[in-house]
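What follows is a set of notes on a single structure, which appears directly below.
What follows draws every value from the coordinates through simple rules; no lab data is involved. This one's a predicted model, so the numbers in the text were calculated from it and none came from an experiment. Backbone-built Cβ (ideal geometry, glycine too); neighbour counts: all protein chains shown.
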Amino acid sequence: MQAEESAADEPRRHAGLPKGAPRRAGMRSVLIRAGLAALLFFAFMYYLNGDTATTAFTYALIMGVLMIPLGMLLDRFAHRMALRRWEKQTGRR
């Protein structure tokens, strides 16, 4: 039983997080959010703004690429906030 728990906690310990700490968001979630934001931006530019498909796609692509570092930054900020809140609640460091 303890070996199963140890194996399950191995990726989290490797990341330098204590047991029970909030997990960091992964790159996959950042890419999914950037893709969704680009898709919504394309729909806005094409259908509501009346731009051509090429123009809307170009702007959506630029926005999607810019959303990747911004999403990583926001995820880092959110993780720090969650970690501080967890530390206050549990009294751990």
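Structural remarks
- Relative contact order [Cα under 8 Å, 6+ residues apart], region 25-90, whole percent: 41 percent
- As a proxy for reagent exposure, ranking M45, M81, M72 by other Cβ atoms within 10 Å from fewest up yields M81, M72, M45.
- Label point distance in nm, M27-A53, each placed 7 Å from Cα along Cα→Cβ: 3.2 nm
- Furthest towards positive pole of dipole, T58, I68, F42, structure part region 25-90, Cβ charges: I68
- For region 25-90, size of Cβ-based charge dipole, Lys and Arg +1, Asp and Glu -1, in debye: 440 debye
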